[in-house]
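Each remark here refers to the structure printed beneath this line.
Bear in mind these aren't lab numbers, they're just calculated from the coordinates by the rules spelled out. All of these numbers come straight from a predicted model, not from anything done at the bench. As a convention, Cβ positions derive from the backbone with ideal geometry for all residues, glycine included, and neighbour counts pool all protein chains shown.
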Amino acid sequence: MRTLILKSASSYLLPVLLIFSVFILLRGHYLPGGGFVGGLVAAIAFVLHAFSHGLDKTRTILKLHPGFLMPLGLLVAFLSGIAPMVFSDLPFMTGLWAENPIPVIGAIGSALFFDLGVYLVVIGASLTIIFTISESA
Amino acid sequence: MLEAVLLGFLFSLFLVFSGSYLRGRLAVLSSLIPLSLFIYFSTFISEIADGKVFYENHEWVPSFGVNLSFTLDGLSLLFALMITGVGTMVFVYSSAYLKNHNYLDRFYGYLSLFMAAMLGLVLSDNLMSMFIFWELTSISSFYLIGFNNDKEDSRKSALIALGVTGIGGLMLLGGAILLGDVAGTYRISEMLSSREAIADSSHYVLILIFIFSAAFTKSAQFPFHFWLPEAMKAPTPVSTYLHSATMVKAGVYLLFRMTPVLNGAEIWHTVLIVVGGITMIYSAIHIIFRTDLKGILAYSTIAALGILVFLIGIGTQAALVAAAVFIVVHALYKASLFLITGIIDHETGTRDVTQLAGLRKVMLPVAIAGFIAALISGGVPPTLGFVGKDLIYESTLHFKDNAILLTIIALSTNVLLFYAGFIAGVKPFMGKLPKKFEKIRLPSPLMWIPPLIMTLAGLVFGLFPGLIETAVAKPIAMAQALQFEEFHLKLWHGFNPILALSATTLVLGTVLYFVLKPKHSLEVTIAKLDSIAPKTLLLNLSEGFAVFSKFWTNFFQTGYLRHYLFIVVSFLILLLGYLIFSDFSLSIDTSSLAELTIYEISILIMLLLGVLYTVFTKSRLAAVASLGVVGLSFSLLFLFYSAPDLAMTQFSVDTLTVILFVLVLYKLPKYLNLSDIRLRIKHGIISVSFGVLITILILKVLSEPKNTEVTEFYAENAYKLAHGKNIVNVILVDFRGTDTIIEISVLIVAALGVFGLLKLKLKTKDKK
């Protein structure tokens, strides 16, 4: 499936899709979107790239093994869950919110980091599965 | 007390790193561990004799009432002293018995692990922590029985022992949970106050069944006794420590501990007397048919355990005191006899009693120890054995029903135990020394001093029974009996029926010893009955279960994904079908439904076409693509019914799935008909009926009155509590965030599974 059009398009599509996936991740709190869908979109971006350029190229772009993102994401999600226990002596998974919103991103809270964790886990898990299968197929 | 329990665990942990230092000459130093514990527990004797009880509580899982609470009263002290005392002897003995063994450090590790677990068991006041220590003793004894792990039968007997005692452990857990439920606490000392509530509870019989099964499996009562002779494959120090002096008495300990809590009803006494009685007479008779010294000792141990259960069943104060004293007696003489057997085995290379004779000429101190041990075992005055036997007869004679029958059973068992003690402790040393044994020399003192010390202790305690009375008998009687009566242990009671019974035992035992010689022919005779022995029956049962579970697993676990799907879906169909059609009423209120629009109709047509094409196309890629069409149509449907989040997720998931399929299928041949027409019809019927059932289910849900409480809660609070306007996402990351954490963990597990499965396969392919 190494067509020229797809190849040149996907080189530009990868960053655009990744930014789009972050956008989806961030808008999730008010509008449709969120970590899960965002993660899937990011994964699709990489898969598309792998389709047109070959797996090895994508791997060099990724630098890390995608499997590494899974524990990282889980750690981020978990830390955001225990943050209220550590900082404010509140129960596990209580939402903490910064008082003033930050431009562009909006209100910052522990839920955002939790969603970031979900985002990373979804990218890691789906890329691990797809890469492993396409290697062995 | 926690430190005392932990010491053994820490020591075995220490051995993991530095065991090699303890493998050589320094091995004997490890006996300092049990010795120091013995001295530590000895310091409590005087205070406990005054009636004091020590409590200690460490919180563990307080919300479930599971804590490390320890009690030191007369009963635990007796067992703690026995565990550490006999432990010291066994530790010293092992250093010579397993001298230069490659895994001597490992052996000590298991042994101290076992000792610590056993101490924890007898000190625990909390049934749950007792259960944990109980399991630890089973596990550590598994390692010890299977210590010679290069021998198949030793591995097998380790498994049998683990199986039998493991079932018992499970039973103990069941009993503990029920008792905790009825009494409202897991602390045994607190259960005493709800004695009546337990006896009146509807679970009482069930609790008894559980506790009895635990005790009977651990203490090798009929019909679970068979694991104990099997466990004799272990090195002799292990048999000494676990299978005569300590672990097998854990069941007896449990019964002892539970006596004040549970002995409210008649059934408690009846069951214990019957099982104990059967066990003692059954295994005592077995002694006659054995020629292996360890076999003889194993069966006499079972008989002794039977006596203990029997005495606890009688349950009068006299019987409980008799049991307590007999525990000491038995530990002293049986541990000595086992150690002596170990010496004989170690030096001569045989345990066959028909071949052994005249060994006194080459190992006199061992012969002396053996002789005294036989005297204690036979209950010859002035040893402690005599005191113990008197107490047994006293309690059987004064029992309210069937006193004569019980006394006769006790008498015959005692006669046979007398015989067993003399066969094991005296016979190998008497008579003419065979030529082949002439070169044997006395082994290291580390081996013969321990049995000598223990037998001499039995002699001293017999001459001064007051020692045992204040240290052991009275505190136990006080802890157990509800009304304490004053009593004294004596060697001489004057002329009475009990003395006559003791004399009869001695005379009959001596006669039996001189008349009956152990013969191989007898062993062959009893082997004919093996096919109906409880051992064979239970082992067959477990084998049958293994065959059944193999069939069961093979039937369901075929390894074909379509087979799993088939089973899961058919099961669902059966369940749903039963549920729906057992109460079938369906009314669809068409008036409230919205109008069908052109969008919906066109999506429906797309869906149907997609499904039909997927089923009937012959190309795999086309099937995958049209499956993608089905998925995308669904996400369109979600979009129309205002679920944009779902639509987005469905869209991305579908894209990824199609990519996945294409990746796999791309490499496979393009056209292939994998399933025949009959299979297709079968699957078609299953799928269609599943679809119909689900449709009916959804229609039924629609006709139910709608509950909007949950939706309203989220709609109202999403912004107020979680600062978010997208309810779906707020639920995911905030309200039910813990669920999400678990879900992403599942996702990771799935990814790791795929990774592991395929990478592993790649590697094996590379090897080729």
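In whole Å, what is the distance between the alpha-carbon centres of the stretch B:1-75 and the stretch B:387-429? Their Cα centres are 35 Å away from one another. For A:Leu4 and B:Thr617, the FRET efficiency from 1/(1 + (r/R0)^6), where r spans their Cβ atoms and R0 equals 41 Å, is about 0.85. Here chain B is treated with +1 on each Lys and Arg Cβ and -1 on each Asp and Glu Cβ, and its dipole about the Cα centre works out to around 3880 debye. If you sort the three axes of the alpha carbon gyration tensor as a ≥ b ≥ c, you get a/c of 1.5 or more for the stretch B:429-579 and a/b above b/c, which makes it prolate. Tell me, how many Å apart are the Cα centres for the stretch B:217-264 and for the stretch B:593-663? Between the Cα centre of the stretch B:217-264 and that of the stretch B:593-663, the gap is 66 Å. For chain B, the share of alpha carbon pairs falling in successive 10 Å distance bins from zero is 2, 11, 19, 18, 13, 10, 10, 9, 6, 2, 0, 0 percent.
In terms of surrounding Cβ atoms within a 10 Å radius of their Cβ, B:Arg351, B:Arg562 rank from fewest to most as B:Arg562, B:Arg351.
For chain B, the longest principal axis of the alpha carbon atoms and the long axis of helix B:2-18 meet at an angle near 80°. Between helix B:293-314 and chain B, what is the angle of the helix's C-alpha long axis to the longest principal axis, kept within 0 to 90° and rounded to the nearest 10? So the helix axis and the longest Cα principal axis differ by about 80 degrees. Scanning residues 5 or more positions from B:Trp60 or on other chains, those with amide H under 5 Å from its amide H are B:Leu68, with H placed 1.01 Å from N in the peptide plane.
Across the options B:Phe142, B:Thr165, B:Leu192, the greatest Cα extent toward the positive end of the charge dipole of the stretch B:1-264 (unit charges at beta carbon of Lys, Arg, Asp, Glu) belongs to B:Phe142. Legend: ranking of residues B:Val611, B:Val252 from fewest to most surrounding C-beta atoms inside 10 Å; resulting order B:Val611, B:Val252.
Cut-off is 10 Å between beta-carbons; in what order do B:Trp134, B:Trp268, B:Trp60 appear when sorted fewest neighbours first? Before the final figure, lay out each step's value.
Working: B:Trp134 28, B:Trp268 22, B:Trp60 15.
Ranking B:Trp134, B:Trp268, B:Trp60 by Cβ neighbours within 10 Å, fewest first, gives B:Trp60, B:Trp268, B:Trp134.
Please report, in debye to the nearest 20, how large the charge dipole of the protein assembly as shown is about its Cα centre when each Lys and Arg carries +1 at its beta carbon and each Asp and Glu carries -1 there.
Dipole magnitude for the protein assembly as shown comes out near 4280 debye.
Note that the stretch B:709-768, at 4 °C in a medium of 1.567 mPa s, gets a Stokes-Einstein diffusion coefficient of 91 µm²/s from its Kirkwood radius over C-alpha pairs.
To the nearest ten degrees, helix B:384-397 and the longest principal axis of the Cα atoms of chain B are 70 degrees apart. In chain B, once you exclude exposed GluC sites (Glu not before Pro) (DSSP loop, at most 15 other Cβ within 10 angstrom), what's the longest stretch remaining? Counting at most 15 other Cβ atoms within 10 Å as exposed, the longest clean stretch of chain B is B:1-437.
Oblate is the label for the stretch B:1-108, because the ratio a/c of its alpha-carbon gyration tensor axes (a ≥ b ≥ c) is 1.5 or higher and a/b is not greater than b/c. Projected label points at B:Tyr564 and B:Asp153, each 7 Å from Cα along the beta carbon direction, are separated by 4.4 nanometres. Using just the C-alpha positions of the protein assembly as shown as equal point scatterers, what log10 of I(q)/I(0) does the Debye formula give at each q in 0.07 1/Å? Evaluating at q = 0.07 Å⁻¹ gives log10 I(q)/I(0) of -0.77.
For the stretch A:1-85, trypsin sites (Lys or Arg not before Pro) are listed when DSSP marks them as loop and at most 11 other Cβ atoms sit within 10 Å of their Cβ; the list is A:Arg2, A:Lys63. Helical runs assigned H by DSSP (4 residues or longer) give chain B a calculated mean residue ellipticity at 222 nm of -23500 deg cm²/dmol, each run adding -39500 (n - 2.57) before division by the residue total. Which one, A:Ala50, B:Met118, B:Asn707, is farthest towards the positive end of the dipole of the protein assembly as shown when Lys and Arg carry +1 and Asp and Glu -1 on their Cβ? Sorting the options by dipole projection puts first A:Ala50.
Find the relative contact order for chain B and round it to a whole percent, using C-alpha pairs within less than 8 Å whose residues are 6+ positions apart. Reported as a whole number, the value is 10 percent. Its Cα centre serving as origin, the stretch B:265-518 has a Cβ charge dipole (Lys and Arg +1, Asp and Glu -1) of approximately 1140 debye.
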